[in-house]
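What follows is a single structure, written as structure tokens, with notes after it.
Values in this text are rule-based calculations from the coordinates and carry no lab data. The structure presented is a predicted model; accordingly, all values stated were derived computationally and were not measured. Here the Cβ positions follow ideal geometry from the backbone for every residue, glycine too, while neighbour counts run over all protein chains shown.
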């Protein structure tokens, strides 16, 4: 999953992130807050599919510890276009541990950009956080 930090890759990741945010806003506008994270994930995946955006859902993320690959049960909610990690939440508020979780996923995969999206807000823009690796 490692990507070089090229200007083109970052530009493409930025463009993809804007498309994903548009899709997430559409989901939030249709459903509103108050549902389970799994419902938002399913609807966002459907919306991405409608828009022709390539993604993988619930991608296993093994940990490499002292040269050994260990499956510790970590999963990326969404990996979009192999450029962007999406971590979805439906919580009262985003906590520092949520930032740390996404930053760790970015570091472990070598991916530059991630979006933390909390659907449990009145206006989705308030629930979106963009985090970068490095």
Exercise for review: Report the extension gain between residue 72 and residue 46 in nm, rounded to one decimal, defined as 0.36 nm multiplied by the number of residues separating them, less their alpha carbon distance.
Suggested key: 6.6 nm
Review point. Helix 7-31 sits at what angle to the longest principal axis of the chain, using alpha carbons and giving 0 to 90 degrees rounded to 10?
Key: 30
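Once the piece of chain linking residue 104 and residue 31 is laid out straight, how much longer is it, given 0.36 nm per residue of separation minus the C-alpha distance between them? Please report the intermediate quantities before stating the final value.
On the way: separation 73, 0.36 × 73 = 26.28 nm, distance 2.97 nm.
Full-extension gain reported as 23.3 nm.
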Exercise for review: Pull out a ≥ b ≥ c, the square roots of the eigenvalues of the alpha-carbon gyration tensor of segment 1-66, then state rounded if a/c is under 1.5, prolate if not and a/b is larger than b/c, and oblate in the remaining case.
Suggested key: oblate
Review point. Assuming R0 = 41 Å, what is the FRET efficiency of residue 95 and residue 54, from their Cβ-Cβ distance, to the nearest 0.05?
Key: 0.85
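Would you please give the FRET efficiency between residue 39 and residue 130, computed as 1/(1 + (r/R0)^6) with r the Cβ-Cβ distance and R0 = 25 Å, to the nearest 0.05?
Once rounded, the FRET efficiency stands at 0.60.
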Point to revise | Protection-proxy order for peptides 10-21, 67-78, each taking the mean of Cβ atoms within 10 Å per residue, highest first | key: 10-21, 67-78
Review point. When DSSP beta bridges are limited to those with both residues in the chain, what percentage is antiparallel, rounded to the nearest 5?
Key: 75
Review point. Taking only Cα atoms, what is the 0 to 90° angle, nearest 10, from helix 37-50's long axis to the longest principal axis of the chain?
Key: 90
Check your understanding: Which ordering of 56, 87 is given by a fewest-first count of other beta-carbon atoms within 10 Å?
Key -> 56, 87
Revision key, fill the gap. Cβ density ranking, 10 Å radius, fewest first, applied to 98, 28 yields 98, 28
Review point. P(r) for segment 7-132: what percent of alpha-carbon pairs falls in each 10 Å bin, starting at zero?
Key: 13, 46, 33, 7, 1
